[in-house]
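Some notes on the structure that comes next.
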Amino acid sequence: MTLAAQEVVIGEAEEHQYRGESLTRRGIRRLLRKRIAVVCLIVIAAFYVTGILAPWIAPHGWAEQNLDASFQGPSWEHPLGTDRTGRDMLSRNLYAARTTVIVTFATILTGSVLLPLTLGMLAGYRGGGADSLISRTGEILASLPGLPMLILISAALRPRVEDWIENVEEVIFAGWMDPGLRFLRLCGTGRDDVPVECDHPITDTVFDDYFLLVFVLSLFGWVGGMRLIRTQTMTLRDTDFVLAARANGASTFRILFSHILPNVLPLVIVGVSASLGAIAAAEIALTFLGVGVQQAGPSFGILIGEGASRTVMENHPQLLLIPAAIVASLMFAFNLLGDALIDVFTPRAR
């Protein structure tokens, strides 16, 4: 018996054994049987867990300086060495992972789940003017060059976002916050990343960095997922079970979220896995170019930029190689996991 025939027989046996199981659960079970997918999941999970726990496991603060320990090599106190101003590189890499975690989670929630899912199902099920409006808007955004537009919008909107958040702060806190009780907060970092404090109630500068970057990435990130979900929804709306639900008087909300949503979830899972790597890469690239996260904390874009100078590369190559190796490993794991998810959830696309 040939290998292809054996795969067919095994697939039929699994189909009979797990008949009645949901497509999502069956896909997860098949995914966990792929060793390369499990390894990628471990790498990605380790990265995100360390990013989340960075404030608790980092041995030093990300902006803590010691000019007497400038450019030290790896040691027990500084396992990855220090940079030009004596900042611990292990701590800065951990906090850089936290920056990537925050940006990717927020962008995935808005630009890869909520917007594509809501707009795709609405356009595919309702059709007509709603479909035309959503589709044309997506086509306009998709026709624009991605990275240049991200840089342009991020750079152009930053002053306006900062002014808007400052005005919101004044409206919210002016009426009931006692000036004598206002909390000191980190406005950002000054020269050599030294923290600067001021007397506003919330960290608007830190919030500006994350808010603006997530907004820009979500603005251009929902189009591809919306198209896939829209196409699948248009196919599902004419199926027997949807027509039967409509004939029984089910509301549009119930049809969308009880009948259509479970059948488009595999597309959402594949889309999320594929976009995680792209979002992380975009955050790192924008920060490297100077329009991403600048004051909220270290980013791998900042670390790579600081280590990319000729002098640093010649004398202290670990300052570039370590963050670059972390980013390369993460991107490689995302790519391999995306291929495995496509094989599991959309086998006909192979």
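Each value in this text was obtained by applying a stated rule to the coordinates, not by laboratory testing. Predicted model only: the values in this text are computed from it and were never measured. Positions of Cβ are backbone-derived with ideal geometry, glycine not excepted, and every protein chain shown enters the neighbour counts.
Comparing A308, Q294, G271 along the charge dipole axis of segment 206-350, the residue lying farthest to the positive side is G271, per the Cβ-charge model. Footprinting exposure proxy ranking of D131, D68, fewest other C-beta atoms within 10 angstrom first, gives D68, D131.
Sorted ascending by nearby beta carbons within 10 Å, beginning with the fewest, Y125, Y95 become Y125, Y95. Other residues lying with their Cβ under 15 Å from the Cβ of A142 contribute a combined charge of +2, Lys and Arg counting +1, Asp and Glu -1.
For segment 217-226, the Karplus equation 6.51 cos²θ - 1.76 cosθ + 1.60, evaluated at θ = phi - 60°, returns couplings of 5, 5, 4, 9, x, 8, 5, x, x, 4 Hz by residue, with Gly and Pro reported as x.
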